[in-house]
1. Applying a 10 Å radius around every beta-carbon, put 201-207, 216-222 in order of their mean neighbour count, most first.
2. Test of understanding: what is the full-extension gain from Arg13 to Asp92, defined as 0.36 nm times their sequence separation minus their Cα-Cα distance?
3. Contour minus end-to-end for Asn33 and Arg221, with contour as 0.36 nm per residue of separation and end-to-end as the Cα-Cα distance?
4. Using 0.36 nm per residue, how much length does the chain from Ser213 to Ala59 gain when fully extended, once their Cα-Cα distance is taken away?
5. When you take every Cα atom in segment 78-222, what is the radius of gyration, and what is Dmax, the widest Cα pair distance, in Å?
6. Based on the alpha carbon coordinates of segment 1-160, what radius of gyration and maximum Cα-Cα distance (Dmax) apply, in Å?
7. Compute the distribution of all C-alpha to C-alpha distances in segment 78-163, in bins of 10 Å from 0, and list the percent of pairs in each, rounded to whole numbers.
8. Looking at the P(r) of segment 26-112, how many percent of alpha-carbon pairs lie beyond 18 Å?
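Since every read-out is calculated from the coordinates, none of them should be taken as a lab result. Everything numeric in this text was worked out from a predicted model, so none of it was measured. FYI the Cβ positions are ideal-geometry reconstructions off the backbone, even for glycines, and counts take in every protein chain you see.
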Amino acid sequence: MNVLLVLAHPERRSFNGAMFDTALDTLGAAGHNVVTSDLYRMGFDPVSSRRNFTSVKDADYLKLQIEEMHASEVNGFAVEVDTEIAKIESADLMIWQFPLWWFGLPAILKGWVDRVFAMGRTYGNGHIYDTGKFTGKKALLSLTTGGPEAAYLADGFNGDLNAILRPIQRGVLKFTGFSVLAPQVVYGPVRANDAQRATWLESWALRLESIDSESSIDVGRY
Ligand SMILES: Cc1cc2nc3c(=O)[nH]c(=O)nc-3n(C[C@H](O)[C@H](O)[C@H](O)COP(=O)(O)OP(=O)(O)OC[C@H]3O[C@@H](n4cnc5c(N)ncnc54)[C@H](O)[C@@H]3O)c2cc1C
């Protein structure tokens with residue numbers, strides 16, 4: 001498979017960094033072709049603006065989706081956006097590695113989505129959900145939390161993690177056609193000891209060794 005690994009963590013030596021390295025090493029050793037987007041080290045600009053484009057449809061009023069449709073037609077995306085879209089288009093499997101921040105994606109990753117998942121090239125013109133542009137591709141969220149697992153059960157004090165992830169798994173991934181694999185969640189790595197963290201890294205590697213035969217999950221509706 002062609003695999004795109006995206007990392008969103010400001011500290012390269014973080015546990016998220018270790019999860020990313022585990023995926024890079026394991027998938028590479030299994031013979032997959034892995035490309036990466038390490039967003040902080042790339043200095044990826046997460047702010048959507050006219051800088052997304054080299055083309056201009058309406059210089060007077062900025063309507064991002066109109067400019068995105070136009071850029072899709074005239075090959076008018078800025079190179080940093082175009083490069084990331086091309087990585088997704090080439091991937092059979094996309095994995096996002098991130099810490100849960102405020103029940104959501106770190107801003108740098110949310111901004112990557114805002115800029116890169118552009119109308120026209122990645123969705124629209126009838127291409128959504130089952131007819132999505134990325135039909136046939138798989139996506140997987142690999143995340144860490146601060147809170148313990150019990151806090152993320154339906155009756156836990158934070159509530160059901162599946163519901164927290166639904167805006168991402170349904171609103172971004174399913175919407176654009178991806179088949180979504182079960183999320184890989186490490187609860188509270190900060191509170192664990194090195195032995196427990198090593199076990200989590202090993203089970204992530206073990207899962208990845210046979211990831212190409214995994215079936216997708218139902219991400220649910222609202
Ligand atoms: C803005 C913000 C918002 C947040 N919102 C939420 C929220 O909504 N819900 C929630 O639950 N939490 C929240 N948190 C907490 C956050 O999710 C956790 O702190 C984060 O997930 C922990 O992962 P990390 O990679 O940053 O851990 P780190 O602190 O980087 O790592 C944990 C430990 O693992 C060690 N480690 C690194 N590499 C290895 C290795 N190879 N082997 C063994 N150990 C290793 C590190 O040295 C460290 O001791 C928030 C945090 C911030 C900053």
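1. Numbers: 201-207: 14.9, 216-222: 12.0.
Going by the mean number of other Cβ atoms within 10 Å, highest first, we get 201-207, 216-222.
2. Values: separation 79, 0.36 × 79 = 28.44 nm, distance 2.75 nm.
Stretched fully, the Arg13-Asp92 segment lengthens by 25.7 nm.
3. 64.4 nm
4. Additional length available on full extension: 50.6 nm.
5. When restricted to Cα atoms, segment 78-222 yields Rg and Dmax of 16.0, 50 Å.
6. Calculated on Cα positions, Rg and Dmax stand at 17.3, 52 Å.
7. For segment 78-163, the binned pair fractions read 15, 38, 31, 15, 1 percent.
8. Details: 2033 of 3741 pairs.
Tail fraction, whole percent: 54.
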